[in-house]
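Report on the following structure.
The values are calculated or read from the model by the stated rules, or taken from the named source; none is laboratory data. Because the structure is a prediction, the values reported are computed rather than measured. Because the Cβ atoms are built from the backbone with ideal geometry, glycine has one as well, and the counts that use them run over all protein chains shown.
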Amino acid sequence: MPTPAKSYEVLVTEGKSHRTKAELNARKNAEESLATGVEIKERPEVANNPIAHKEFLRVNKLLKKIKKNDAIYEPVINRYCMLQAECKDFEEKRESFYNDLQELTEDKDDLISKDEMSLSTYYKHKNAIQSSIINLDRQVQAKRKMILDIEKENLMTIAAALKSIPKKEENKENKILEVLRGGRKQQGV
């Protein structure tokens with residue numbers, strides 16, 4: 001897979017590009033046309049969720065550093081932050097159920113010997129907790145897959161934006177002038 005074209009900023013920073021000023025300006029204009037120029041805004045549901053808010057601040061800071069903090073990514077970034085918070089919530093619930101299962105297992109003999117619970121009731125409770133853990137784990141895995149998909153798509157979107165910029169300015173010279181100047185070789189002569 002070929003490497004994507006360097007951005008205008010990278011080319012100017014390097015200062016050793018073989019591109020003409022017209023090509024550099026064309027690249028700069030093309031890059032600017034891919035952005036709205038408006039910064040990402042945090043949605044209210046993200047701002048009201050402490051975990052999502054913290055993730056939004058982290059991602060927003062990173063996007064600012066690479067100058068990709070653009071409103072075009074706003075819905076995806078807000079959704080990503082909410083998914084992170086939901087994932088964390090499910091993980092905490094799963095951990096709580098796991099701790100309950102550990103307590104139930106440790107107290108099995110005491111609960112059964114004191115007639116607080118029959119053996120079949122104990123196993124029903126244990127099975128219910130295990131089912132809840134498995135169900136929460138499925139939900140966590142689904143959320144993680146969504147998070148990964150957003151991360152991949154977001155990175156590919158940024159890369160795709162850079163790839164959509166032509167590497168060279170098209171040669172707009174008139175073909176007749178080119179022939180008159182001897183630019184084309186005649187075949188069969």
The condition of being at pLDDT 95 or above and more than 27 Å from SER132 (Cβ to Cβ) holds, among PRO50, PRO44, PRO75, only for PRO44
State whether the residues of region 52-73 include one that is of a type in the set (Asp, Glu) and within 30 Å of LYS145 (Cβ to Cβ).
-> yes
Taking region 116-136 and the residues there that are farther than 11 Å from LEU101 by Cβ and surrounded by 17 or more Cβ atoms within 10 Å (Cβ to Cβ), the one that is modelled with the highest pLDDT would be LEU136
Being in contact with a Leu (Cβ under 9 Å, 6 or more places away or on another chain) and either touching a residue at least 60 places away in the same chain (Cβ under 8 Å) or among the β-branched types (Val, Ile, Thr) (or both) narrows ILE77, ILE66, ILE134 down to just ILE77
Within region 74-115, of all residues that are among the polar types (S, T, N, Q) and within 24 Å of LEU148 (Cβ to Cβ), the one surrounded by the most Cβ atoms within 10 Å (Cβ to Cβ) is GLN84
Counting only helices (runs of 4 or more DSSP H) wholly inside region 1-113, the ones holding at least 1 residues that are among the basic types (Lys, Arg) are 21-33, 50-65, 74-106, 108-113
Based on what the data block shows, is SER33 at pLDDT below 85, hydroxyl-bearing (Ser, Thr, Tyr) and loosely packed, with under 15 Cβ neighbours inside 10 Å? yes
